[in-house]
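Notes follow once the structure below has been shown.
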Amino acid sequence: MDRETRGLYLRGVEKRPWQGEEDYAFRIPAIAKLSRLEFTRPVTFFVGENGSGKSTLLEAIAVAWGFNPEGGSRNFRFASRNTHSGLWQALRLIRGPEIPQDGYFLRGESLYNMASYVDEMEEDPDTPGYLQYVGGKSLHGQSHGESLLALVRHRFWGGGLYLLDEPEAALSPMRQLSFLALLQQLAARGSQLLVATHSPILMAYPRGEILRFDGAGGIERVDYRDTEHYQITKSFLNGPERMMDVLFAPEEEGEP
């Protein structure tokens, strides 16, 4: 097995017929058109507009793998509200020959609840010293971005399958660069990562593949510079004043 594929614990997914297809996830065009999706590199990015289905599919993969729907490892069982779709029941995971030694499902919007769970485990007499897994300091005692980086730096041990839903939401551009370095370290230690993102900084990772969720085209592989994220960001930075002129142009008044 070559260097690029040896850590592929999840080779792909297939969507099978399921009696619960009235579920909202099956009405998302990219999900409705999905039959089989293959992953070919250790780092895969899911990109697309809001509502395109990238986070929905990532969540379904996480639940089908056995992760807590609200995030965490397979041992995390906290829940605030059951909102995940039933798509996971229609998925067949195509597993690689190797078994990951670690794993985590990270979703930015539930990081607060996950941090509370970690604190509860620390206070439980049956699990003393639990904070060591996140750097020895309560995640609630840090900013959103600091706590996310601490979690990835200290809890993601390598040799695992890691699913991350829009991690850039907590990170400044500089911290996104720090996150890229951590991502590369994890990949170098035999990890596989699936990352749903809007960040043109993260998706610039040179050894990753980018899967674009598009209503008309389903899910397709694209090059970095062909993503709307790259093109719009480049256009804006090359001429922000011109973009503002377009956005703030006064509407023409109608005929009296």
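The values are calculated or read from the model by the stated rules, or taken from the named source; none is laboratory data. None of these values were measured; they are calculated from a predicted model. Glycine gets a Cβ as well: all are built from the backbone with ideal geometry, and neighbour counts include every protein chain shown. Side chains are part of the model used for accessible areas, which takes the heavy atoms of the whole protein and leaves out ligands, DNA and RNA. Shrake-Rupley method; radii C 1.70, N 1.55, O 1.52, S 1.80 Å.
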(request) Heads up, I need the accessible area for W18: 1.4 angstrom probe, whole protein in place, Å², nearest 10. (result) 60
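So for the stretch 140-256, what percent of the C-alpha to C-alpha distances run longer than 25 Å? Don't jump to the answer; show the numbers that get you there.
Values: 2630 of 6786 pairs.
The proportion of pairs with Cα distances above 25 Å equals 39 percent.
What does the charge count near I219 come to, summing +1 for each Lys or Arg and -1 for each Asp or Glu among other residues with Cβ under 12 Å from its Cβ?
+2
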(message) Not counting ligands, DNA or RNA, and with a 1.4 Å probe, what is V246's accessible surface area in Å² rounded to the nearest 10?
(response) 100
(request) Return P(r) of the stretch 190-243 (all Cα-Cα pairs; 5 Å bins starting at 0; whole %; ordered from short to long distances). (result) 4, 17, 26, 22, 15, 10, 5, 1, 1
